[in-house]
Amino acid sequence: MKSNNSNTIEIELKKEVKKGYFGNFGGMFVPPVLEPKLLELSDYFDKLKDDDSFNKEFHYYLKQYVGRPSPLYYAKRLSEHVGSRIYLKREDLNHTGAHKINNTIGQILVAKAMGAKEIIAETGAGQHGVATATAAALFGMKCKIFMGKKDAERQQLNEYRIRLLGSQFVTTERGTATLKDAVDAALEYYVENPNSYYLLGSAVGPHPYPTMVRTFQSIIGTEAREQIFEQEGKLPESIFACVGGGSNAIGLFSGFIDDEKVRIHAAEGGGEGLILGKTASTLQMGIPMVFQGAYSYCIADKEGNPIDTNSIAAGLDYPGVGPEHADLKEKKRADYHCVTDKEAVDAFKLLSALEGIIPAIESAHAVALALKLLKNKNELSIINISGRGDKDVDRNLI
Ligand SMILES: Cc1ncc(COP(=O)(O)O)c(C=O)c1O
């Protein structure tokens, strides 16, 4: 910020923050100590995203390390079972087993450019923790991962992986000891250590994270669009993804948002159904409010306090959602559905048995929604398989 007048600084700040809005949603609602850090991050990101050598390095690692492009696979037996033509975008085949690595490679390169010495991150299902610990190992950076105790217990394989990758693993017992609490713990550490780099794992939080995470995840939609044209010679009629904070979904959706004829369906972690306290279906049960740095939807009580959520999928068990999804809902460009634990477990088993693909329980929510909406529709469709289910197989889901 090149200004020596405090009023000018304030105006510049407001202009900058305005950039982080999707319709009415988004922004940067953070303690004053973090504001300059996030504005600096926003500046760096703005420059790097158009920098040829940054993009060359990002795409080098996506190809040679992550294994991209991920296949777009025609799921013949699933298609016959459902009565539609269904393709699966195989993010489960990425190195570390989920879409999260796309974002962590992008952000660690940003962190490197900024001269960061320590990386911190939250994790729910542990996939973002693993992907961050992996990127930190790859670039020889110190790393600390925050995870709720309940999540660490239900996703133990990922705790082992994070430790093995050389990161420090910190559990928190606050609140419900799930993703929201891990974000709070990481934010608290960030406020106390503003020289660390907070590598946020979803399209949530204050500006510039929702825009930055969307940009790095948009590789999913870019590839899927090219691949469906290659194999079918046309656009899909509908696309499906699960939504926790919303990064895998916005990654896929970004490739098709401008194609008005493509219907966009998102599956939220419905838990036991649309009952406050028993669901994580934010865009069904939430209200617009400021939560964890941004104005978006959140499941809250009348006083505006976030309410405990419940979903079998640690990665979806979160009361907030990214601001771009709130905007897509309000604009009616995408629809958001409650998918219950039971429906997700049924889909988890079905996809495994029909296609030999064991999805993450998060991704199984998208499959379950497709099973409902595509029944005998003969519709050409893409489901994002955001991750693989290794982390879920010892959870007695069968
Ligand atoms: C495999 C998988 N899919 C989906 C999600 C949900 O996150 P997001 O909504 O940011 O894609 C997670 C989160 O941990 C995950 O591990």
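The values are calculated or read from the model by the stated rules, or taken from the named source; none is laboratory data. What you are looking at is a predicted structure, and each value in this text was computed from that prediction instead of being measured. Because the Cβ atoms are built from the backbone with ideal geometry, glycine has one as well, and the counts that use them run over all protein chains shown.
Out of the residues in segment 236-245 that are more than 6 Å from the ligand (Cβ to nearest atom) and either in a strand (DSSP E or B) or modelled with pLDDT under 95 (or both), state the one that is surrounded by the fewest Cβ atoms within 10 Å (Cβ to Cβ). So, considering only residues that are more than 6 Å from the ligand (Cβ to nearest atom) and either in a strand (DSSP E or B) or modelled with pLDDT under 95 (or both), the one surrounded by the fewest Cβ atoms within 10 Å (Cβ to Cβ) is Ser238.
Being within 11 Å of the ligand (Cβ to nearest atom) and either farther than 19 Å from Gln217 by Cα or assigned to a strand (DSSP E or B) (or both) holds for only one residue in Ala370, Ala353, Ala344, Ala364, and it is Ala364. Considering segment 282-318, the residues that are among the aliphatic types (A, V, I, L, M), out of contact with any Cys (no Cβ under 7 Å at 6 or more places or on another chain) and within 16 Å of the ligand (Cβ to nearest atom) include one that is nearest to Glu362 (Cα to Cα), namely Ala313.
The residues of segment 71-115 that are in a loop (DSSP other than H, G, I, E, B) and within 21 Å of Ala203 (Cα to Cα), listed by number, are Asn94, His95, Thr96, Gly97, His99, Met114. Annotation note: of Lys391, Lys375, Lys329, Lys342, the sole residue that is buried (at least 24 other Cβ atoms within 10 Å of the Cβ) and among the charged types (D, E, K, R) is Lys391. Residues of segment 281-311 that are touching a Phe, Trp or Tyr at 6+ places or on another chain (Cβ under 6 Å) and aliphatic (A, V, I, L, M): Leu283, Val290.
Residue pairs whose Cβ atoms lie under 8 Å apart, separated by 6 or more positions or on different chains, with the first residue in segment 281-303 and within 16 Å of Leu179 (Cα to Cα) and the second buried (at least 23 other Cβ atoms within 10 Å of the Cβ) and of a type in the set (Lys, Arg), are Gln292/Lys180.
When the test is whether a residue is over 29 Å from Ser84 (Cα atoms) and assigned by TED's automatic domain parsing to the domain that holds Cys338, Leu252 does not pass it. Of the residues screened, Gly83 is one that is touching a residue at least 24 places away in the same chain (Cβ under 8 Å) and either on the phi > 0 side of the Ramachandran plot or in contact with a Cys (Cβ under 7 Å, 6 or more places away or on another chain) (or both).
Which residues, taken from segment 201-219, are hydrophobic (A, V, I, L, M, F, W, C) and either closer than 16 Å to Asp327 by Cα or near the ligand (Cβ under 10 Å from one of its atoms) (or both)? Those that are hydrophobic (A, V, I, L, M, F, W, C) and either closer than 16 Å to Asp327 by Cα or near the ligand (Cβ under 10 Å from one of its atoms) (or both): Ala203, Val204, Val213.
Name the pairs: first residue in segment 52-68 and within 16 Å of Ser218 (Cβ to Cβ), second residue acidic (Asp, Glu), Cβ to Cβ under 9 Å, at least 6 apart or on different chains? Cβ pairs passing all conditions: Arg68/Glu223.
Here is the figure for segment 111-126: residues that are of a type in the set (D, E, K, R) and within 16 Å of the ligand (Cβ to nearest atom) total 1.
Give the residue, chosen from Gly129, Gly148, that is within 16 Å of the ligand (Cβ to nearest atom), among the small types (Gly, Ala, Ser), touching a helix residue (DSSP H, G or I) at 6+ places or on another chain (Cβ under 9 Å) and within 16 Å of Asp390 (Cβ to Cβ).
Going through Gly129, Gly148 in turn, the sole match is Gly129.
Restricting attention to segment 246-276, the residues that are within 14 Å of the ligand (Cβ to nearest atom) and charged (D, E, K, R) total 1. Of the residues contained in segment 42-59, none is found to be assigned to a loop (DSSP other than H, G, I, E, B), among the hydrophobic types (A, V, I, L, M, F, W, C) and within 19 Å of Thr215 (Cα to Cα). Against the numbered list (1) within 27 Å of Arg174 (Cα to Cα); (2) of a type in the set (Ser, Thr, Tyr); (3) within 15 Å of the ligand (Cβ to nearest atom), Thr279 comes up short only at (3).
Listed here are the residues, each with its yes/no results for (1) modelled with pLDDT under 95; (2) surrounded by fewer than 20 Cβ atoms within 10 Å (Cβ to Cβ); (3) of a type in the set (Gly, Ala, Ser).
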| site | (1), (2), (3) |
| --- | --- |
| Ser6 | yes, yes, yes |
| Glu57 | no, yes, no |
| Leu62 | no, no, no |
| His81 | no, yes, no |
| Ser84 | no, no, yes |
| His95 | no, yes, no |
